[in-house]
1. Would you be so kind as to identify all helices of chain A, as entire DSSP H runs, whose Cα atoms reach 30 Å or more along the helix's own axis and whose mean Kyte-Doolittle hydropathy is at least 0.5?
2. Considering only the label points, 7 Å along Cα→Cβ from Cα, what distances in nm to one decimal separate B:L155 from the same position in each other copy, shortest first?
3. Using a 1.4 Å probe, how large is the accessible area of B:L163, given in Å² and rounded to the nearest 10?
4. Which whole-number value in Å² is the accessible area per residue of the stretch B:157-286, probe 1.4 Å?
5. Can you list, shortest first in nanometers, how far A:K122 lies from the same residue in the other copies, with each label 7 Å from Cα toward Cβ?
6. Below 15 angstrom from the Cβ of B:Q174, what's the summed charge of the other residues (Lys, Arg +1; Asp, Glu -1)?
7. Under the classification rounded if a/c is under 1.5, otherwise prolate if a/b is larger than b/c and oblate if not, where does the stretch B:1-143 fall, given a ≥ b ≥ c as square roots of the Cα gyration tensor eigenvalues?
8. Mind checking which chain A residue has its Cβ closest to the axis relating A to B, and how many whole Å off it is?
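The values are calculated or read from the model by the stated rules, or taken from the named source; none is laboratory data. Every value quoted in this text rests on a predicted model; they were computed, and no experiment measured them. With ideal geometry, Cβ positions are generated from the backbone for all residues, glycine too; neighbour counts draw on all protein chains shown. Just so you know, the surface numbers come from the protein's heavy atoms only, side chains and all, with ligands and any DNA or RNA stripped out. Shrake-Rupley method; radii C 1.70, N 1.55, O 1.52, S 1.80 Å.
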2 protein chains.
Amino acid sequence: MKIPITFLGTSQAIPTEKRNHTAVLLKYRDETILIDCGEGTQRQFRKVHLNPCKITRILITHWHGDHVLGLPGLFQTLALSNYPKTLHIYGPRGTKRFINEIYKMFLFAGKLKIEVKEVNGKFFENNDFYLEATPLKHGAGVNGYSFIEKDKIRLDKNKLRKLKIKGKIISDLQKGEDIVWQGRKIKAKDITYLQKGKKITFLWDTVLFENCYKAAKNSDLLISESNFTEKEAELAREYKHLTAKQAAQIAKKSKVKKLILTHLSQRYENNENIILNEAKKVFKNTILAEDLMKVEV
Amino acid sequence: MKIPITFLGTSQAIPTEKRNHTAVLLKYRDETILIDCGEGTQRQFRKVHLNPCKITRILITHWHGDHVLGLPGLFQTLALSNYPKTLHIYGPRGTKRFINEIYKMFLFAGKLKIEVKEVNGKFFENNDFYLEATPLKHGAGVNGYSFIEKDKIRLDKNKLRKLKIKGKIISDLQKGEDIVWQGRKIKAKDITYLQKGKKITFLWDTVLFENCYKAAKNSDLLISESNFTEKEAELAREYKHLTAKQAAQIAKKSKVKKLILTHLSQRYENNENIILNEAKKVFKNTILAEDLMKVEV
């Protein structure tokens, strides 16, 4: 099953004509997970013809304005649209305090049920996937996030057909249990195969350190900030951001399959290939995110 | 001198693909006045290639989210861009409290100088124009605003040339004072004419009552909300909004020259002519606002 990811906003702190503030949407079965919610995110939903009421969880990387100022307006729209569920919000330490501040200014507080958790490590799990937060280093407390699909035991349908196995007993094979079928012992491992789950990691904003590699490890897709180039490595250190080269180094060392760079600066508005080329020298399978771009993993 | 007005956002509470939240920009000589600042307004500046650092004053009609949620992000961008002046913010009662709440969450507070005034009646004046707030009626405290250019005494240049009047003495005529030129008495009124100043009024959100007519009186341009049509007059009353017909009635009775309807609902996204036609039946010189539209008065 393909996992669609939509880039709702891809700019750095100041938006440009083409790039809105940071927000990425991941859909998986019944879950619609929003990672960060910069100003104007609810309007980006309209532009890709998605209903913000479908959101199930919001993952906040950190509480700098360009990553969260779309929350109050989104809350208002969800309240006005009679959002029927409890909205789950996860973030680094401090998230509860900030959500409380927003609530104080919020006119429809009674109308929207919100549950807030400050997270570190694995923080959500169901039958199909789990979510993991990795603390990163920036001016504010910041989390990187990984969506990790669980490995699945799949049936080899050709073999099933050949052996004419039918009925409820198939579910035992799917659990990895050996069965007896028409007097014959059938080993689960002979009739099933393991489908590796996918891993998607989101890394912004941070300096380069060991947790970046740890979070990104073996990801099918790494979505990373790329606020600076190596020419500005000094600035990157000062403002605690990654350069394009560093993002690519993470991808390479962590054996990532594909890298998408986002959180792109207005300084490169007319010359973004500099960023792309710097990363590609280190990690070839890199592309730049664009607003409203959709990829499937 | 033409006064340019740019519609940065024209939607009602929930934005649509084509319409962002409310914000209108009026430029006049050295002044750049923003009326309301809905979420995403700073990005709309980018789209019309205007620099938000040019803003001199912000007029807030009321503190509902769709009119103000662009303020925190705008403040952040002004701070990051080293906005050099004091930013003047005006609004109805409660404005100081709300600005304080925003400031608490704001990371660059020390970097941006803001002066906030809660206003009613005339609240700013210079040689060329003044600004007036008229209390309206909505769920929250709300102000309508008028920009009123002062009448100017203009010189009839043909007559000046004929009489060969030159030098500093001309400024006396401009003040409306009679002069003596080469022994001859010259009356100011014979050599000058009065150029009527322009009036532009902004009315949203409100129920229809006497102050609407008062604020709009003799405006060259009335920009009014039009959240409902007469079919939904019941809802309009309940939510304290104007219908298209009521906006047109204000324009007609107040002898307005031109009416622009804004704050348009997603419910009419594919059928906006209903709104326009309803208004035009009462007041012919009406148009609908569009995002990024520029008009000159």
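1. On the way: long enough: none.
Result, helices passing both filters: zero.
2. Computed spacing set for this position: 9.7 nm.
3. Roll a 1.4 Å probe over it and B:L163 shows about 50 Å².
4. With all protein chains present, the stretch B:157-286 gives 58 Å² per residue.
5. The projected label point of A:K122 is separated from its counterparts by 7.1 nm.
6. Values: positive: B:K150, B:K152, B:R154, B:K157, B:K159, B:K166, B:K168, B:K175, B:K187, B:K189; negative: B:D128, B:D151, B:D156, B:D172, B:E177, B:D178, B:D190.
So the environment of B:Q174 carries a net charge of +3.
7. Numbers: a/c = 1.05, a/b = 1.03, b/c = 1.02.
Taking the square roots of the gyration eigenvalues as a ≥ b ≥ c, the stretch B:1-143 is rounded.
8. Residue of A nearest the axis onto B, distance in Å: A:G40, 2.
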